[in-house]
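Colleague: Sharing a structure, written as structure tokens. Questions coming.
The values are calculated or read from the model by the stated rules, or taken from the named source; none is laboratory data. Just so you know, these numbers come straight off a predicted model, no measurement behind them. For neighbour counting, all protein chains shown are included, and Cβ atoms are generated from backbone atoms with ideal geometry for every residue, glycine included.
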Amino acid sequence: MTLATVQSGTSSILKASSLKAAQECLQSEMVDLVLLDLNLDDTDGLDGLIKLKSAANCPPVFIVSASDATDAIRQARLLGADGYIPKSLGMEQLSLALATALKGENWFPEVQAEQDDEESPAARLSSLTPAQRKVLAYLADGLLNKQIAYEMGISEATVKAHLTTIFRKLHANNRTQALLVYKDATVI
């Protein structure tokens with residue numbers, strides 16, 4: 001994993017060989033950008049991304065991966081990656097991606113940039129019914145299924161059914177992914 005610090009035209013590159021080392025570095029250093037390789041010893045795939053993004057004041061995190069599969073890129077984006085740099089990129093595209101990252105902007109390969117609006121978090125969120133939106137809002141507040149059921153006056157089984165539909169509509173596999181889509185769609 002590479003962590004970059006940029007100050008008035010100069011930059012420092014810090015390397016961390018594990019997620020734990022990177023987290024310690026993020027606590028002690030001012031870091032402007034994280035380049036996260038998915039093959040770290042102490043974390044499995046995109047779990048490292050989730051752990052880094054859950055920290056307060058996390059700098060932008062760009063995934064660097066040998067995979068340029070659309071599904072991998074989409075999953076990284078869904079989980080909160082600020083960019084995705086396939087290792088197969090040419091130097092010109094790599095320079096563009098890094099320059100974009102250091103400006104604080106998101107960068108994804110062209111296949112992802114050409115996604116239609118239906119794939120945007122806001123469009124996916126708008127496909128939810130009012131009841132599903134309410135369940136998602138309670139979920140964002142940290143309520144458990146039983147508490148959501150009580151607040152809405154419905155059964156816990158109905159809450160679970162709503163969650164299953166929410167996950168499907170938001171292209172999420174779990175609560176965390178659904179909440180990341182919710183956060184992306186509501187922060188404007």
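Colleague: Taking the options ASP41, ASP47, ASP32, ASP37, name whichever one is assigned by TED's automatic domain parsing to the domain that holds THR100 and more than 18 Å from the chain's Cα centre (by Cα).
Modeller: ASP41
Colleague: If ILE50 passes every condition in (1) touching a strand residue (DSSP E or B) at 6+ places or on another chain (Cβ under 7 Å); (2) within 30 Å of THR164 (Cα to Cα); (3) at pLDDT 85 or above but one, which one does it miss?
Modeller: Result: ILE50 passes all but (1).
Colleague: Can you find even one residue in the range 166-184 that is free of Cβ contacts under 8 Å to residues at least 12 places away in the same chain, surrounded by 14 or more Cβ atoms within 10 Å (Cβ to Cβ) and closer than 26 Å to GLN75 by Cβ?
Modeller: yes
Yes/no matrix, rows are residues, columns are (1) assigned to a loop (DSSP other than H, G, I, E, B); (2) touching a residue at least 60 places away in the same chain (Cβ under 8 Å); (3) of a type in the set (A, V, I, L, M, F, W, C):
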residue: GLY80; (1), (2), (3): yes, yes, no
residue: TYR84; (1), (2), (3): no, no, no
residue: LEU125; (1), (2), (3): no, yes, yes
residue: ILE148; (1), (2), (3): no, no, yes
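Residues are listed down the side, and each one gets a yes or a no for (1) without any contact (Cβ under 8 Å) to a residue 12 or more places away in the chain; (2) charged (D, E, K, R); (3) in a helix (DSSP H, G or I); (4) loosely packed, with under 14 Cβ neighbours inside 10 Å:
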{"residue": "PRO59", "(1), (2), (3), (4)": "no, no, no, no"}
{"residue": "ASP71", "(1), (2), (3), (4)": "yes, yes, yes, yes"}
{"residue": "GLU92", "(1), (2), (3), (4)": "yes, yes, yes, yes"}
{"residue": "SER95", "(1), (2), (3), (4)": "yes, no, yes, yes"}
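Colleague: Quick one: ILE148 ticks every box in (1) over 23 Å from the mean Cα position of the chain (by Cα); (2) among the β-branched types (Val, Ile, Thr); (3) at pLDDT below 90 except a single one, so which number is it?
Modeller: (3)
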